[in-house]
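Quick one: structure below, then a few questions.
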Amino acid sequence: MSSLAEGPKHGYALINDIEQFAGVRLQPGTLYGAVTRLLEGGLIEPMDTEGRRQPYRLTAEGAAALQAHLSAQRRIADLGLRRLSAGLATP
Amino acid sequence: MSADLATVSSKAFERWGWKCVPVIVVCWVVLWPVGVVWLAVSLVALYRARDRSERAVAERRIARMLSWYPPQWRARYGEEFSEVLRETIRSGHAGPRLTLNVARESNATWWQNAAGRRGLVTVWCWSLCWLPLVSQGLVPLIIKLSGSTSRSWFLALYLAPGLQWPVIALMVMTGLLMLSVAIRGTPALRQAG
């Protein structure tokens, strides 16, 4: 979903983008398992096909869910980093 | 195994006399080599007729992997998923991990709805019912009837004498049950396909 946050992408572009920003190369089966679930949940939607490629984009509901998820992750990461630095500072 | 079959043949001869001879002769001398030669010739012809170009091999692999998914899923995602597989293979990420991943995910897709689960059970029953029915049921049954002492890999023949017949019966019943599930599930699977 983070990959789709900057705009629509088709399957193979998603795989490459996720590899670039997350350092993990998704296998096609795993990607389409996720795509199926996100479509069924109404979080992404298909656009007009480009040849045999099918681009997807976030829906408004998907964007809101991603925003909420990433904000929660950021809070947890900030808290963890603060605690870690406080713990390291204490002898 | 061939020694076991020879024992079965000789026991059958002892029991039914000369009436067994034509059947044994046909099985051992005519049908067996003809079957093996026919199979070998067919496989060679099939292999020679195949387009072995890199592109054709990749397309066959894609078609094979796609066929592992349920028909409804293929109808909805087949074309775009094939394209992703094509680009993945073209980019050099075509190792066994790809096959294993597609196998795992397609299996999970089958399990996601009741119709898919029934289809998967049907396929598994067709694939595995022969193990309890034939390999662990009918073959040890024939061996026991023939009076052979060979046990080979037949579970029932390693058990105490009192348990051998019940286990053989259980295996045959399990196999028949699986076969009936497979037969009953096949029309729905064909309709979906």
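Please treat every number below as a calculation from the coordinates, not as lab data. Just so you know, these numbers come straight off a predicted model, no measurement behind them. Counting neighbours? That spans all protein chains shown, and the Cβs are built from the backbone with ideal geometry, glycine included.
Any lysines with Cα under 22 Å of the B:Lys144 Cα? List them, leaving off those in the same chain fewer than 8 positions away.
Reachable lysines: B:Lys11, B:Lys19.
Right, something else. Any idea what the relative contact order of region B:83-178 is, in percent, if you count C-alpha pairs under 8 Å spaced at least 6 apart?
Across region B:83-178, relative contact order equals 28 percent.
First measure r as the distance between the Cβ atoms of A:Arg53 and B:Val134, then evaluate 1/(1 + (r/R0)^6) with R0 = 45 Å and state the FRET efficiency to the nearest 0.05.
That pair, A:Arg53 with B:Val134, gives E of 0.45.
Over all residues in B:75-82, what is the mean tally of Cβ atoms on other chains that come within 10 Å of each residue's Cβ?
5
Non-local amide H neighbours of A:Arg57 (under 5 Å, H modeled in plane, Pro and chain starts lacking H): which ones?
A:Glu45, A:Met47
A further question on this structure: Taking the 0 to 90 degree range and rounding to the nearest ten, how far is the long axis of helix B:54-66 tilted relative to the main principal axis of chain B, both from C-alpha atoms?
70
Just to check I understand the Karplus step: with θ = phi - 60° and J = 6.51 cos²θ - 1.76 cosθ + 1.60, what whole-Hz values come out for region B:39-47, glycine and proline as x?
5, 5, 5, 5, 5, 5, 5, 4, 5
For chain B, what does the relative contact order come out to in percent, with C-alpha contacts under 8 Å and a separation of six or more?
The value is 23 percent.
Measure nothing fancy, just the Cα-based angle from helix B:2-16's long axis to the longest principal axis of chain B, in degrees from 0 to 90, nearest 10.
Long axis of B:2-16 versus the principal axis of chain B: about 40 degrees.
Taking only C-alpha pairs under 8 Å that are 6+ residues apart, what is the relative contact order of chain A in percent?
28
Please compute, for peptide B:83-91, the average count of beta-carbon atoms on other protein chains lying within 10 Å of each residue's beta-carbon.
For this peptide, the per-residue mean of nearby foreign Cβ atoms is 6.
Extension gain B:Val21-B:Leu46, at 0.36 nm per residue separation less the Cα-Cα distance, in nm?
5.4 nm
Read phi for every residue in region A:4-21 and hand back ³J(HN,Hα) as whole Hz from Karplus 6.51 cos²θ - 1.76 cosθ + 1.60, θ = phi - 60°, with x for Gly and Pro.
7, 5, 8, x, x, 8, 8, x, 5, 5, 4, 4, 5, 5, 5, 5, 5, 8
Residue by residue through region A:61-71, which ³J(HN,Hα) values in whole Hz follow from phi under the Karplus form 6.51 cos²θ - 1.76 cosθ + 1.60 (θ = phi - 60°), with glycine and proline marked x?
Running phi through 6.51 cos²θ - 1.76 cosθ + 1.60 with θ = phi - 60° gives 5, x, 5, 5, 5, 5, 4, 5, 5, 5, 5 Hz.
Once amide H atoms are placed 1.01 Å from N in the peptide plane, what residues at a sequence separation of 5 or more from B:Ser150, or on another chain, have their amide H within under 5 Å of its amide H?
Amide H neighbours of B:Ser150, under 5 Å, 5+ apart: none.
Please compute the average number of Cβ atoms from other chains found within 10 Å of each residue's Cβ in peptide B:101-110.
4
Just from its helices, what would the mean residue ellipticity at 222 nm be for chain B, if runs of 4 or more DSSP H residues each count -39500 (n - 2.57) and the sum is divided by every residue, rounded to the nearest 500 deg cm²/dmol?
Helix-only estimate at 222 nm: -24500 deg cm²/dmol.
Return the long-range amide H neighbours of A:Leu26 (sequence gap of 5 or more, or a different chain), with a cut-off of under 5 Å between placed amide H atoms.
Long-range HN contacts for A:Leu26: A:Glu19.
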